[in-house]
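The values are calculated or read from the model by the stated rules, or taken from the named source; none is laboratory data. Being a predicted model, the structure only gives us computed values, none of them experimental. Neighbour counts run over all protein chains shown; Cβ positions are idealised from the backbone, glycine included.
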Protein chains: 2
Amino acid sequence: MVLYPDQSHLQRLRTIYQPSLPPILTDLSSLQAFPVENQEVPLEDEIHKLFPLTVAQPNLIFKRVSSERSDPLKIGVVFSGGQAPGGHNVIAGLLDAMLKLNRDSRLIGFLDGPNGLTKNNYTELTSEMIAPYRNQGGFDLIGSGRSKIETAEQFEALGKNVRALKLDGLVIIGGDDSNTNAAFLAEYFKRKGLDISIIGVPKTIDGDLKNRFIETSFGYDTACKIYSEIIGNLAKDALSARKYYFFVKLMGRSASHVTLECAVKTQINLALIGEEVSALKLTLPRLIDQIADMICLRAARGKNHGVILIPEGIIEFIEEFKYMIQELNRLLSHSGNESEADRISKIDLIIQALTTNSATCFSSLPEEFQKQLLIDRDPHGNIQVSKIETERLFICLVEKELVKRKNQGNYIGAFNPQPLFCGYEGRSGLPSNFDCHYCYSLGHVAALLINSRVSGYMACIQNLGKPVSKWEINGISLTKMLHLEDRKGILAAVIRKGPVDLEGTLFNYYKEKRSAWLLEDHYCCPGPIQYEGDLELVDAPPLSLTLPSNFSAN
Amino acid sequence: MVLYPDQSHLQRLRTIYQPSLPPILTDLSSLQAFPVENQEVPLEDEIHKLFPLTVAQPNLIFKRVSSERSDPLKIGVVFSGGQAPGGHNVIAGLLDAMLKLNRDSRLIGFLDGPNGLTKNNYTELTSEMIAPYRNQGGFDLIGSGRSKIETAEQFEALGKNVRALKLDGLVIIGGDDSNTNAAFLAEYFKRKGLDISIIGVPKTIDGDLKNRFIETSFGYDTACKIYSEIIGNLAKDALSARKYYFFVKLMGRSASHVTLECAVKTQINLALIGEEVSALKLTLPRLIDQIADMICLRAARGKNHGVILIPEGIIEFIEEFKYMIQELNRLLSHSGNESEADRISKIDLIIQALTTNSATCFSSLPEEFQKQLLIDRDPHGNIQVSKIETERLFICLVEKELVKRKNQGNYIGAFNPQPLFCGYEGRSGLPSNFDCHYCYSLGHVAALLINSRVSGYMACIQNLGKPVSKWEINGISLTKMLHLEDRKGILAAVIRKGPVDLEGTLFNYYKEKRSAWLLEDHYCCPGPIQYEGDLELVDAPPLSLTLPSNFSAN
């Protein structure tokens, strides 16, 4: 084993781990993409207008043709947005596949995200350079960034750079916005007559880059497993010390996939699911009541401990909160020059200016959160919802409610809340074996799509809930995932996000179990991710993929 | 494999894992405790006066005598204080050893901590009951508690209960205070002529129950490994996103063992070590300067990311803070009836009443922390230092300092801090193999000590940095660890805590490396605890035990 400085023993062992590939990917040279018929997806007219050249592209499958030697490929690759475990394996899979197709292929890594594409900031990636990053977390091999390619100048700069580099293809490893960007780039290059394959790879720990073609995005499995280890441990702690209520906020942006997956994995007492909150039009006081009800019920049984999961984006699903934030954004949009103290001094004026519902909502918040809503604003004057420490907000409000109930004689327990945010540690961990296999295979599919000279596709793999030997690979036209969405007042074509399906198996499983989990303690400790030993343990896919066929959470 | 409901696949696999034992513990029936000569430890006169019957007890080693059949043992066991991974294995080891000595032995588990002893709240523990708890985290088999046995009535009640149960011995699994309690109980029972063995087992994740006899307490290894996984992931995230400074507070009470171990394991940019802060008499502004200096130096190299570790107890090591807290405690000791608002309204009055140094210190704190210091008080009116969110306090103060430097033109970076507390998830995780072996062996030693009819001893194991086959077992007289300490104005006999040794190998290793780690990014990701595969990975002891002989952190 090569000793890379600063790597831990486990990191080194992982560098030489060989991820599995579906059987079709073991011999690449004879694989060619072929269109699949009858996959009509109804799309809005505006999508047809925006993507005249790529909207009608059929999805692709791969078939073996008589083996012919491939030309060397020159491919660019870029990370876009937040990290997700497995990203390095996409690059490793891409490079390995390119070299298997032709030993003279070359891979260009654009640095620090989409900015690297427009600023022509890149490095050539060799097998030696990639070696220490195999099966590792993070995006540090080439970095990432949140910049977007939107303006005509950016498109032009990028076009100039990829032309100068004579790239056959460009692989964009990103979330829904980055893959939307990939769709626009593919259309742009086709219009310009530039023969380059733009291929997207579905990345996000949030799990909401999901549709009839994408079963799950990469990184989701590892992040959920890392969070579930922590949550399972906290549940053990709650059960042993019998005095803490852990309020755990989970990363995952607006969707509640991560929260739902972790809830079922760990069987904790209560998980708020944003999509359900929205469907039932639950108000903030109603949510607080639900939590307080649970605490009172448990206290009556002598239990003053518990674990509650809160998705990072919950606030956006609470209707009156959403409206209040819109009103505040409007009221404060011209206050950019005011000092924080000035804004805070106006709290009373602001409450008067809000509509009744929003004023009630605002007034119900603890002072520090009222201030946070007035101070923490992005450069456009908008409130930064993600900066609100929801787990602490809920603790404050629940505490207040419990004091009220205690004074009324309806609660006799002790409430010791502990806030925790499961976030950054999950998106940069060592990828699970599932994510290692998945990403390594995705890299191969991306190489094959480019080798087939198609553009505007996402590398996709189906049957992910089954063993790798059953996985099926294909290319999905990016435009087939687009719809029109209101983005800051403008209708934009973007990839439709996949929220938690309230009719889906995983949510139904949770619904069936949750009343028992609420009162009794059925805590489960998944423990740390394992990489060796029992295959059921080390290769297990996420529950969201396996529950339909195997109705057991453990 | 038996299927325990609610256990994860890994938990189930762990229930059938067989921890290793040092060779001497493979045949118990012929082992007998023998005194070791020449182990004089100078003790204060007061200790001699308090422990006339147990102070002169020699330490014990075990020798094989001609095998003779042991009588059945009846032993009580209790958890005391916060959880530490491996606690269940002490009980499993104890029961297995008792049954190996005589199949008719019986184990009584006292429930919910020392209260169970005085209130006679117990359950008999059988092999079947223990089975699902083998190699598991938490203390939920019998619960724990923080109650202490201090009053004459408590001693009497306990004496009555153990007499009624006809216990041969009582095993107290706890930290320094609980083992001090064990020393007092042993002396008490000897004075009362009651023939019962009181045996302590060294438990605490903090790592400061450590002296020439105790190499490390159990739970420390697992907690450090769990925290290091999280910290390593955050470091990867910092390196990939290149925009966050993670301020990580680590559990571990006043000592900085956990912080030091995690710092060396993960090679992050800066770790504050309380013992060093105290030795160098570093003030809070000086510490803030140190952190700000690092951030400025790194910003000048284009790095606006980093990881900083802060021990939970750091504040107690900052001299002016310590004095200020003492003064505040005095000033506010009679304000128990005042409302929070009343106290806060008096901030100016309080500042005037403080000495100059303390007033300066208090005034330098952000308002929310000033309030915290006035409001959060324990029932005796004392400030609860552990409730201060030090990681957030440091972020506030560093941010203020950086704004100042920016205005002076001495800093041009962007500062995006992220606070995190690594706490409860570490003390209840699945124990590492090291802690599994260690605790299972400790349980055996406790049984042997009771079988040898000695009392006032701690079950100890030496050579822990070496493979289990080299471990040596013995019994150490608890009184040999005692000294007199000021506890709330009263000199009390307590077990002396072992702070971080500033002359020790681990700290020296950190000192040697830290200037490189501060500027360059040598981050190491230990990854999640592994239970199968490469022995070097799954059985590795903590660095604090192995660094002396093997000067490589990974």
Could you list, in sequence order, all residues of region A:99-131 that are basic (Lys, Arg) and exposed (fewer than 15 other Cβ atoms within 10 Å of the Cβ)? A:Arg103
Anything in region A:181-195 that is surrounded by 24 or more Cβ atoms within 10 Å (Cβ to Cβ) and touching a Leu at 6+ places or on another chain (Cβ under 8 Å)? List them, or say none. A:Ala182, A:Ala183, A:Leu185, A:Ala186
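When you look at A:Tyr188, is it closer than 27 Å to A:Arg427 by Cα, touching a residue at least 24 places away in the same chain (Cβ under 8 Å) and aromatic (Phe, Trp, Tyr), yes or no? Even if it seems obvious, please write down each step before you answer.
Details: closer than 27 Å to A:Arg427 by Cα: no; touching a residue at least 24 places away in the same chain (Cβ under 8 Å): yes; aromatic (Phe, Trp, Tyr): yes.
In short, no.
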Which residue is surrounded by the most Cβ atoms within 10 Å (Cβ to Cβ), if the candidates are limited to region B:427-438 and must be of a type in the set (A, V, I, L, M, F, W, C) and more than 10 Å from every other protein chain (Cβ to nearest Cβ)? B:Cys436
Which pairs have Cβ atoms under 9 Å, sit 6 or more apart or on different chains, and link a residue in region B:101-113 that is more than 15 Å from B:Leu165 (Cβ to Cβ) and away from chain A (no Cβ under 14 Å) to one that is not basic (Lys, Arg) and not in a loop (DSSP other than H, G, I, E, B)? B:Leu101/B:Ala447; B:Leu101/B:Leu448; B:Leu101/B:Asn451; B:Asn102/B:Asn451
Given (1) in a helix (DSSP H, G or I); (2) modelled with pLDDT under 95, index of the condition B:Arg253 fails: (1)
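For the condition buried (at least 22 other Cβ atoms within 10 Å of the Cβ) and farther than 22 Å from B:Ser178 by Cβ, what is the one hit in B:Val468, B:Val445?
On the way: B:Val445 fails: farther than 22 Å from B:Ser178 by Cβ.
B:Val468 is the lone residue from the list that is buried (at least 22 other Cβ atoms within 10 Å of the Cβ) and farther than 22 Å from B:Ser178 by Cβ.
Could you run through region B:10-28 and say how many residues are within 14 Å of chain A (Cβ to nearest Cβ) and either surrounded by 17 or more Cβ atoms within 10 Å (Cβ to Cβ) or within 23 Å of B:Lys466 (Cα to Cα) (or both)?
As a first pass, look at region B:10-28 and keep what is within 14 Å of chain A (Cβ to nearest Cβ): B:10-17.
Subsequent filtering for residues that are either surrounded by 17 or more Cβ atoms within 10 Å (Cβ to Cβ) or within 23 Å of B:Lys466 (Cα to Cα) (or both) retains B:10-15, B:17.
Of the residues in region B:10-28, 7 are within 14 Å of chain A (Cβ to nearest Cβ) and either surrounded by 17 or more Cβ atoms within 10 Å (Cβ to Cβ) or within 23 Å of B:Lys466 (Cα to Cα) (or both).
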I'd like the residue in region A:142-188 that is farther than 13 Å from A:Phe110 by Cβ and in a loop (DSSP other than H, G, I, E, B) and, out of all such residues, is nearest to the other protein chains (Cβ to nearest Cβ). A:Arg146
Hey, does region A:372-390 have a residue that's surrounded by 15 or more Cβ atoms within 10 Å (Cβ to Cβ) and at pLDDT 90 or above? yes
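Report whether or not B:Leu491 is at pLDDT 95 or above, farther than 30 Å from A:Gly527 by Cβ and away from chain A (no Cβ under 14 Å).
Values: at pLDDT 95 or above: no; farther than 30 Å from A:Gly527 by Cβ: yes; away from chain A (no Cβ under 14 Å): yes.
Taking the combined requirement at face value, the residue does not satisfy it.
With the condition being aromatic (Phe, Trp, Tyr) and either touching an Asp or Glu at 6+ places or on another chain (Cβ under 8 Å) or in the same structural domain as A:Asp176 (by TED's automatic domain parsing) (or both), I'd like the strands (runs of 3 or more DSSP E) fully within region A:33-141 carrying at least 2 qualifying residues. Don't jump to the end; show me each part of the working.
Values: elements: A:60-64, A:74-79, A:106-110, A:122-125.
Output list is empty.
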Which is modelled with pLDDT of 95 or more and either within 14 Å of another protein chain (Cβ to nearest Cβ) or buried (at least 21 other Cβ atoms within 10 Å of the Cβ) (or both), of A:Asn463, A:Asn508, A:Asn451? A:Asn451
Is it the case that region A:315-337 has a residue that's at pLDDT below 85, buried (at least 18 other Cβ atoms within 10 Å of the Cβ), assigned to a helix (DSSP H, G or I) and assigned by TED's automatic domain parsing to the domain that holds A:Ala255? yes
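Kindly indicate whether A:Leu185 is at pLDDT below 95 and farther than 23 Å from A:Pro311 by Cα. Break it down into steps so the answer makes sense when it comes.
Values: at pLDDT below 95: no; farther than 23 Å from A:Pro311 by Cα: yes.
No, not satisfied.
Pick from A:Leu547, A:Leu519, A:Leu543: which is aliphatic (A, V, I, L, M) and within 17 Å of B:Gln7 (Cβ to Cβ)? Explain how you work it out, then say what you get.
On the way: A:Leu547 fails: within 17 Å of B:Gln7 (Cβ to Cβ); A:Leu519 fails: within 17 Å of B:Gln7 (Cβ to Cβ).
One residue alone meets the criteria, A:Leu543.
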Among (1) within 12 Å of chain A (Cβ to nearest Cβ); (2) buried (at least 23 other Cβ atoms within 10 Å of the Cβ); (3) touching a Phe, Trp or Tyr at 6+ places or on another chain (Cβ under 9 Å), there is one condition B:Gln136 misses while meeting the rest; what is its number? (3)
Sort out which residues of region A:502-536 are under 20 Å from A:Glu215 (Cβ atoms) and touching a residue at least 60 places away in the same chain (Cβ under 8 Å), and write them in order of number. A:Leu502, A:Leu506, A:Phe507, A:Tyr509, A:Tyr510
So B:Val468 fits all but one of (1) over 30 Å from A:Pro526 (Cα atoms); (2) more than 14 Å from chain A (Cβ to nearest Cβ); what number is the exception? (1)
Residues in region A:401-418: is at least one in a strand (DSSP E or B) and over 30 Å from A:Thr546 (Cα atoms)? yes
Within region B:216-250, how many residues turn out to be of a type in the set (Lys, Arg) and either surrounded by fewer than 24 Cβ atoms within 10 Å (Cβ to Cβ) or assigned to a strand (DSSP E or B) (or both)? 3
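Does region B:210-230 hold any residues that are hydrophobic (A, V, I, L, M, F, W, C) and over 13 Å from B:Glu425 (Cα atoms), and which are they?
Taking region B:210-230 and keeping what is hydrophobic (A, V, I, L, M, F, W, C), we get B:213-214, B:218, B:223-224, B:226, B:230.
Across region B:210-230, the qualifying residues are B:Phe213, B:Ile214, B:Phe218.
Take the residues of region B:203-230 that are small (Gly, Ala, Ser) and away from chain A (no Cβ under 11 Å): which is nearest to B:Leu537 (Cα to Cα)? Walk me through it before giving the result.
Initial filter on region B:203-230 (small (Gly, Ala, Ser)): B:207, B:217, B:219, B:223, B:228.
From what is left, the residues that are away from chain A (no Cβ under 11 Å) are B:207, B:217, B:219.
Details: B:Gly207: 21, B:Ser217: 20, B:Gly219: 17 Å.
Among those that are small (Gly, Ala, Ser) and away from chain A (no Cβ under 11 Å), it is B:Gly219.
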Identify, please: which residue in region B:518-535 is buried (at least 23 other Cβ atoms within 10 Å of the Cβ) and farther than 30 Å from B:Thr15 by Cβ and is, among those, farthest from the other protein chains (Cβ to nearest Cβ)? B:Tyr523
If I ask for residues that are over 13 Å from A:Gly306 (Cβ atoms) and of a type in the set (Gly, Ala, Ser), which ones from region A:264-293 would you list? A:Gly274, A:Ser278, A:Ala279
Counting only residues in region A:406-426 that are away from every other protein chain (no Cβ under 14 Å) and within 17 Å of A:Leu270 (Cβ to Cβ), the one nearest to the chain's Cα centre (by Cα) is identified as A:Phe415
Would you point out which residue out of A:His305, A:His257 is buried (at least 21 other Cβ atoms within 10 Å of the Cβ), more than 28 Å from B:Asp112 (Cα to Cα) and in contact (Cβ under 8 Å) with a residue 60 or more places away in the chain? A:His257
